[in-house]
Amino acid sequence: MIAAVLKETITGEKRVAATPKTVKELITSGITVRVQSAAGEDSFFSDQDYQNAGAEVVTEITDLLNGVDIVLKVAPATLEEMAAMPDGITYISLFQTTKRAEQVRKLSAKNITGFSMHLIPRTTLAQSMDAISSQANIAGYKSVLIGAAHLPVYMPLLMTAAGTIPPAKVLILGAGVTGLQAIATAKRLGAQVESFDVRPEVKEEVESLGAKFVAVESDGNDGVGEGGYAKETSEDYKIRQREMIKKHIAKSNLVITTALVPGRPAPLLIPTEMVNGMKPGSVIMDLAAENGGNCELTKGGEIINYNGVMIDGTINLPSSMQVHASQLYAKNIFSFVTYLIKEGQLNIDEEDEIISGAMFTHQGKITHKPTLEAINNL
């Protein structure tokens, strides 16, 4: 069984799908590992580090992929990389499949079994494979640090001879893994923190971190989805939600938005009229920028100033902490790959919840229903 680790080629992607530590673990599990030269360079892992761990370091992609069984990446492979892959192999990366029709079709046409770490089910058994959570944790942490650096005010309460400085007010929209880490980090910096989420069951977690939970009263299960995710809410709920957010956002110095429904455009939480009501010098960190943003004015990959309000649409914050992000993601990959292998062979058990949940192409077919529907609707 041979696994190949490709160097990331997308601008700004500094992570790597395997570290020297996980390479050693893969080899101990009976897998031969090839690593493309300089694959770990941006994460400060040298070719020599990989060789010392037992991997074969290969420069040319054609040599790297010749005879491999599994290809490992962080970002989705390019069409050129996919063209170089042998037919019938297994491919694993972070992959928003509903947004990348051409790549999905290419993998399917080459009879490649495609797995997306985005699609790993949120179950107890799959926790060690949950790359979305491991990377979201980093994004939540880093967003607060960047937001604090943008602010023209202190985060904590300060009592000085020159007067008392009140703490910054931070509003975090979404209390999933990203939001909870953002709450914890903002509280450590001394801010006054509020958090909103459509799922009432997260109130206890929010309050345990020292933040105030802001809720929209609802009689039903609006926003409560499967697998720990939020889901689309009713129109009535959205109206009341907007009024509540508008009230709290006007008082906030820093707003961090984290709301994403998997495989869909980010829900609009902050329309332009709300931004108009914010204080000059306020900051919005929009962590949903990759999927269109939770703020109407967000521009993915850009930081803009709108009437004195800074809106940061930086994409891929985990890549800015690439050492730990790579360590966590590589461990997620290791857990998933070893889960797939039984007695030295790949075991694509379509009855297995984790395997079938993460799989989107297999035996020439697009197996993930939402992906198939999205591609057919293009």
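Taken together, the values in this text are just the output of simple stated rules run on the coordinates, not laboratory data. Model, not experiment: these values are computed from the prediction. Cβ coordinates were reconstructed from backbone atoms using ideal geometry, including for glycine residues, and neighbour counts include every protein chain displayed.
The H on the amide N of Tyr306, modeled in the peptide plane, is under 5 Å from the matching H of Ile311, each at least 5 residues off or on a different chain. Round to a whole angstrom and tell me the spacing of the C-alpha centers of segment 256-287 and segment 84-141. Spelled out, the Cα-based centre of one part sits 27 Å from the other. Here the relative contact order of the chain, from alpha carbon pairs under 8 Å that lie six or more residues apart, stands at 18 percent.
Rg of the Cα atoms in segment 243-356, relative to 2.2 N^0.38 Å, amounts to 1.47.
Each Lys or Arg adds one and each Asp or Glu subtracts one; over the other residues with Cβ under 10 Å from the Cβ of Asp42, this totals 0.
For segment 1-139, give the magnitude of the charge dipole about the Cα centre (Cβ charges: +1 Lys/Arg, -1 Asp/Glu; no others), in debye to the nearest 20. Walk me through the numbers on the way to the answer.
Values: 13 positive and 16 negative charges, 110 e Å.
Result for segment 1-139 is approximately 520 debye, rounded to the nearest 20.
Which whole-number percent gives the relative contact order of segment 136-315, counting Cα pairs below 8 Å spaced six or more residues apart?
Working: 382 pairs, mean separation 32.6, N = 180.
Contact order relative to length: 18 percent.
Note on segment 146-171 and segment 323-375: Cα centroid distance 45 Å, given to the nearest whole angstrom.
Restricting everything to alpha-carbon atoms, can you work out Rg to Rh for segment 136-315 with a Kirkwood hydrodynamic radius?
Numbers: Rg = 15.4 Å, Rh = 16.2 Å.
Ratio of gyration radius to Kirkwood radius for segment 136-315: 0.95.
In whole angstrom, segment 235-300 maps to an equivalent ellipsoid with semi-axes of 19, 15, 9, each derived as √(5λ) from the alpha carbon gyration tensor and ordered largest first. Given their separation in residues at 0.36 nm each and the Cα-Cα distance between them, Asp63 and Asn307 gain 82.5 nm when the chain is fully extended. A Cβ-based charge dipole, computed about the Cα centre of segment 136-315 with Lys and Arg at +1 and Asp and Glu at -1, lands at about 620 debye.
Please report, in debye to the nearest 20, how large the charge dipole of the chain is about its Cα centre when each Lys and Arg carries +1 at its beta carbon and each Asp and Glu carries -1 there.
On the way: 34 positive and 43 negative charges, 197 e Å.
In debye, rounded to 20, the chain gives about 940.
Each eigenvalue of the Cα gyration tensor of the chain, multiplied by 5 and square-rooted, gives one semi-axis; in descending order these are 39, 23, 18 Å. Taken over segment 136-315, lysine pairs spaced eight or more positions apart, or on distinct chains, with alpha carbons under 15 Å apart number 16.
The alpha-carbon of Lys331 sits under 13 angstrom from the alpha-carbons of these aspartates and glutamates, leaving out residues fewer than 8 places away in its chain: Glu25, Asp130.
Over segment 1-60, what is the relative contact order in whole percent, taking alpha-carbon pairs under 8 Å and six or more residues apart? Once normalised by length, the contact order is 38 percent. A helix-only calculation puts the chain at -10000 deg cm²/dmol for mean residue ellipticity at 222 nm, using -39500 (n - 2.57) for each DSSP H run of at least four residues, averaged over all residues.
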